[in-house]
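A quick write-up on the structure given underneath.
The values are calculated or read from the model by the stated rules, or taken from the named source; none is laboratory data. This one's a predicted model, so the numbers in the text were calculated from it and none came from an experiment. Note that we place each Cβ from the backbone using ideal geometry, even for glycine, and neighbour counts take in every protein chain shown.
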Amino acid sequence: MKLPDSLGHFGIYGGKYVPETLMGALKELEVIYAKARRDKNFKQELAYYLKEYAGRPTPLYFAKNLSHILGHVKIYLKREDLLHTGAHKINNTLGQALLTLRMGKKRVVAETGAGQHGVATATACALFGLDCFVYMGVKDIERQALNVYRMKLLGAIVVPVKSGSQTLKDAMSEAIRDWVTNVRTTNYIIGSVAGPHPYPMLVRDFQAVIGKEARSQILAVERRLPDYLVACVGGGSNSMGLFYPFYKDKKVKFIGVEAAGFGLNTSYYAATILRGSVGVLHGSKSKLLQDDDGQVKIAHSIAAGLDYPGVGPEHAYYKDTGRAEYFAVTDKEAVESFRFLSVTEGIIPALESAHAIAYLKKSSRKFKKGAVIIVCLSGRGDKDVQSLKSLK
Amino acid sequence: MNRIDSKFRELRKNRQKAFIAFLTAGYPGLAATEKLVLEFEKNGADIIELGVPFSDPIADGPVIQMSSYTALKKGVTLKKILDSVSRLRRRSAIPLIAMSYFNPILRYGLPRFIKDAVKAGLDAVIIPDLPPEEEKDFAKEALSAGLYVIRFIAPTTTLSRARSIARSARGFIYFVSLTGVTGARSSMPDGLRLQLSSVKKIAGPIPVCAGFGVSTPAQARFVSSMCDGVIVGSAIIKMISKYIGRPGLASSVGAFVKRLKG
């Protein structure tokens with residue numbers, strides 16, 4: 001079975017739940033993308049920028065100290081944190097910016113939570129001469145001041161979003177409103193495997209470079225496939241990028257780590273897969289944090305990039321079909337792991353990625369002896385240093 | 001016969017255009033909404049759209065966002081709105097349409113919603129984030145229960161797509177008069193006349209009503225002169241906001257509706 005199907009469905013999830021005004025633009029994007037993915041020139045051009053500009057391939061680093069501390073497993077870190085702009089987001093924005101050029105559009109809108117996707121979009125737009133408008137909740141603008149400054153330096157206009165929870169969810173709503181208004185001239189560069197079809201598919205495909213590289217790298221070093229893939233899940237782009245190329249390798253277990261915030265037994269978390277139910281938000285059907293009346297709840301995570309009440313439809317599908325398992329770690333555990341990885345490996349992870357590390361740390365006993373585990377280190381922690389400093 | 005169809009038949013006979021008034025249900029309160037509906041009917045409104053508040057109204061501008069937010073804060077739910085519809089039905093035969101984003105309906109349960117909506121006396125539902133490609137069974141089941149799902153055509157809809165939408169349209173076609181979100185605009189977009197005449201041709205016997213951005217009596221007259229009716233929302237909500245907490249809310253907003261109907 002092809003995932004997604006021609007209408008963008010992953011089982012019962014996915015699809016296009018958007019105002020009629022956007023249906024034409026989605027179709028256009030589908031057509032342009034279908035052509036591009038078969039076009040040698042497009043593939044070469046994207047590969048060129050990924051290598052020479054973004055810094056791919058990223059290392060698959062054997063974390064010796066971390067493995068030693070956990071005792072009986074071999075942990076490899078897929079170093080997306082070493083990419084230009086500091087996170088995996090650039091893989092996708094370069095691809096989507098090139099598609100924007102092919103559509104002949106000159107203006108781009110994007111949403112951002114942690115600011116990583118905003119920075120990556122602003123970067124790609126600077127590179128390709130596109131006008132860039134990034135929507136960002138005012139709460140996130142406060143906690144990610146460094147990234148706001150970076151986006152401005154890169155020539156983007158950061159539009160503060162004051163409605164609702166003032167985080168990623170509302171930034172995305174506002175970006176969609178802009179897109180509906182300016183759809184003829186504007187392309188929407190979505191940062192996660194969310195939104196209406198074809199976004200979950202195309203963001204996945206652009207991020208799949210993570211898993212493709214990791215697969216050949218681990219085969220070269222270990223001469224076998226890994227036992228586990230571990231990655232954090234907010235909207236779910238870095239995890240999907242790592243997982244997807246291993247989809248048919250049924251023995252490779254996928255583990256997605258969500259944000260438990262203050263704890264799953266409180267009402268402050270962002271664990272959509274674990275605590276959500278079927279719903280429609282921002283253009284697709286997936287799992288959703290919502291109340292009994294179908295109103296979307298406000299998510300909470302210390303990691304702005306995970307602070308979203310929805311999740312990509314393909315993750316919901318992986319969960320229902322059992323292809324992936326999902327767990328959650330708290331803010332506190334993530335912060336501990338932020339420090340833990342810094343001192344053990346000399347790598348300061350993004351708070352988002354620290355969730356994946358925290359899961360390893362607290363669940364290490366469940367892995368069998370000698371297990372080979374690849375963890376996606378989706379971003380670096382420079383952006384979080386300021387806010388964690390004030391936490392202390 | 002669905003009340004919307006009889007309404008358009010009556011309007012055609014009298015050579016009139018439909019005036020469709022939008023209200024955010026529960027803004028400023030459900031009792032006020034019910035009172036406003038009756039007042040609007042008295043003042044010439046032909047059809048009422050009741051907006052079901054949603055936490056993330058992506059097709060709405062600031063005015064309807066604000067009214068939805070306020071209504072949600074007051075605890076308004078789809079269930080309570082259907083109860084309001086039931087109460088209104090005892091006193092009025094005006095066609096009532098619920099305008100809701102898909103998620104509150106999905107959460108309510110699709111079969112349960114259809115059953116309760118019909119029982120309450122709702123005539124149609126408008127779901128801005130549900131194109132005809134999705135949830136086809138829902139539209140089918142709603143229709144066979146007597147509940148119309150009103151379809152949109154936008155300025156960006158291609159001709160062939162518009163034709164296929166028109167083929168399955170019931171009640172009327174909601175033409176989105178501009179690319180954008182709901183909310184007042186100082187002028188209507190160029191090319192509206194051309195677009196509407198082409199949509200009218202495609203629609204055949206199905207009435208075409210235009211909404212989004214229409215806020216003044218002059219604009220309402222202008223727009224409905226080119227099609228079968230006009231939908232006004234944000235301008236009415238704005239007027240309500242102005243009169244909240246002051247005497248004469250219903251009569252003042254009712255007078256505005258009378259001018260919009262023209």
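Summary of values
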read-out	value
Residue in segment B:116-123 that is surrounded by 23 or more Cβ atoms within 10 Å (Cβ to Cβ) and farther than 30 Å from residue B:90 by Cβ present	no
Whichever residue in segment A:268-308 is part of a loop (DSSP other than H, G, I, E, B) and small (Gly, Ala, Ser) and, among such residues, is surrounded by the most Cβ atoms within 10 Å (Cβ to Cβ)	A:270
Odd one out for residue A:175, checked against (1) assigned to a strand (DSSP E or B); (2) farther than 21 Å from residue A:302 by Cβ	(1)
Unmet requirement for residue A:365, which otherwise passes all of (1) in contact with a helix residue (DSSP H, G or I) (Cβ under 6 Å, 6 or more places away or on another chain); (2) at pLDDT below 95; (3) among the basic types (Lys, Arg)	(1)
Residue ID - nearest to residue A:34 (Cα to Cα), chosen from residues in segment A:67-105 that are without any contact (Cβ under 8 Å) to a residue 12 or more places away in the chain and in a helix (DSSP H, G or I)	A:67
Contacts under 7 angstrom Cβ, first residue in segment B:66-79 being among the polar types (S, T, N, Q), partner in a helix (DSSP H, G or I), 6 or more apart	B:67/B:237
Verdict on residue A:256 being over 24 Å from residue B:134 (Cβ atoms), touching a strand residue (DSSP E or B) at 6+ places or on another chain (Cβ under 9 Å) and outside any strand (DSSP E or B)	no
Answer residue from segment A:36-66, given it is farther than 24 Å from residue A:86 by Cα and without any contact (Cβ under 8 Å) to a residue 24 or more places away in the chain and is farthest from the other protein chains (Cβ to nearest Cβ) among those	A:40
Out of B:9, B:3, B:15, sole residue that is free of Cβ contacts under 8 Å to residues at least 24 places away in the same chain and on the phi < 0 side of the Ramachandran plot	B:9
Conditions (1) within 12 Å of another protein chain (Cβ to nearest Cβ); (2) buried (at least 16 other Cβ atoms within 10 Å of the Cβ): number failed by residue B:147	(1)
One residue from B:59, B:45 being among the hydrophobic types (A, V, I, L, M, F, W, C), touching a helix residue (DSSP H, G or I) at 6+ places or on another chain (Cβ under 8 Å), in contact (Cβ under 8 Å) with a residue 24 or more places away in the chain and farther than 17 Å from residue B:124 by Cα	B:59
Test: residue in segment B:213-232 that is more than 22 Å from residue A:283 (Cα to Cα) and within 12 Å of chain A (Cβ to nearest Cβ)	yes
